[in-house]
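Everything below concerns the one structure shown next.
The values are calculated or read from the model by the stated rules, or taken from the named source; none is laboratory data. In this text, all values refer to a predicted model and were calculated from it rather than measured experimentally. A quick note on method: Cβ atoms are made from the backbone with ideal geometry, for glycine too, and the neighbour counts reach across all protein chains shown. All accessible areas refer to the heavy atoms of the entire protein, side chains included, with ligands and DNA or RNA removed. Shrake-Rupley method; radii C 1.70, N 1.55, O 1.52, S 1.80 Å.
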Amino acid sequence: MKDKITEHSINLFEKKGFKETSIQDIVDSIGVTKGTFYYYFSSKEELLMDIHLGYINYLLEKQRNILDDNKSCKEKLFDIVYMLISNIKIQGSAAKIFFREMKNLNEERLALIVPKRDEFRLNVEKLLKDGIENGEFRADLNAHIITFGILGAANWSYQWFNPEGDSTDREVAEIFVEMILEGIQAI
């Protein structure tokens, strides 16, 4: 039931927004009582926190698997970008909630999310620095800024990428990484 509440809430938050969605809207969409909701969540904000943690923990686990692989930095960079874009098929609505509704978490809850988000970013930055050190990427790059550019492009794709559209997730990832690498790979 907890998963069902979460799934329905994600859909409602995506359509109506977090603030505009009431607990009554959530329970009505499932056909249960508020008591059922409160059995699993103490508040709507706790539910939002649960959605955020589920999303970022999933991405971090996938990223760790990629980084632990014995591939080149270029290949790992592609795999991370591809993972972020292909994840839209699986968790596109949760991605929208993660980026759009973070502002609705209090400071205490944000303190649990922000370090995880930073960990993901710093892992990409380290990957770029490793690629610079081993000669795969240009030595004059600002890995910190490049990281924000990569994540900005990949993370924003949840707004416009349609998994059922003309380009596949793999094709979009290939275009992004080619665009990135043509600007940063060593000659």
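Miscellaneous remarks
- Simple label model, 7 Å out from Cα along Cβ direction - Asp50 to Gln159, nm: 3.0 nm
- Of Lys96/Lys126; Lys4/Lys74; Lys2/Lys103; Lys16/Lys89; Lys62/Lys103; Lys44/Lys116, pairs whose Cα-Cα distance is over 28 Å: Lys4/Lys74
- Straightening the chain between Ile23 and Asn57 buys 9.7 nm, computed as 0.36 nm per residue apart minus the Cα-Cα spacing.
- Charge context of Asn104, other residues only, Cβ under 10 angstrom, K/R +1, D/E -1: +3
- 0 to 90° range, to nearest 10: angle between helix 2-16 axis and the chain longest Cα axis: 80 degrees
- Accessible surface calculations at 1.4 Å, restricted to protein heavy atoms, place the chain at 54 Å² per residue.
- The chain: relative contact order as a whole-number percent, Cα under 8 Å and 6+ apart: 26 percent
- Options Gln24, Asn87, Gly131, ranked by Cα towards positive dipole end of the chain, top entry (Cβ charges): Gln24
- The stretch 76-187, Rg to Rh (Cα coordinates; Rh as Kirkwood inverse mean 1/r): 1.00
- The order of the peptides 123-131, 153-161 by mean Cβ neighbours within 10 Å, most packed first, is 123-131, 153-161.
- Charge context of Gly165, other residues only, Cβ under 14 angstrom, K/R +1, D/E -1: -2
- Cα-based equivalent ellipsoid of the stretch 11-53: semi-axis lengths in Å, sorted from largest, via gyration tensor: 15, 14, 8
- Between the Cα long axis of helix 169-184 and the first principal axis of the chain there is an angle of about 40°, rounded to the nearest 10.
- Order of exposure, largest accessible area first, which applies to Glu119, Glu174, Glu108 with probe 1.4 Å: Glu108, Glu174, Glu119
- Net charge dipole size for the chain [Lys, Arg +1 and Asp, Glu -1 on Cβ; Debye, nearest 20]: 480 debye
- A 1.4 Å probe over all protein chains sorts Glu61, Glu182 by accessible area into Glu182, Glu61, starting with the largest.
- Distance between the pseudo-spin-label points of Ile175 and Ser42 (7 Å out from Cα toward the beta carbon): 4.6 nm.
- Seen against the Cα atoms of the chain and their longest principal axis, helix 107-133 is set at about 20 degrees.
- Cα-based equivalent ellipsoid of the stretch 121-187: semi-axis lengths in Å, sorted from largest, via gyration tensor: 25, 13, 8
- Rule-of-thumb Rg ratio for the chain [Cα; 2.2 N^0.38 Å; N residues]: 1.16
- On the basis of the beta-carbon distance and an R0 of 30 Å, Lys116 and Ile30 show a calculated FRET efficiency of 0.60.
- Contour minus Cα-Cα distance for Arg100 and Asp140 (0.36 nm per residue): 11.0 nm
- The tail of the calculated P(r) for the stretch 70-129 beyond 13 Å holds 71 percent of all Cα-Cα pairs.
- For the stretch 82-187, size of Cβ-based charge dipole, Lys and Arg +1, Asp and Glu -1, in debye: 440 debye
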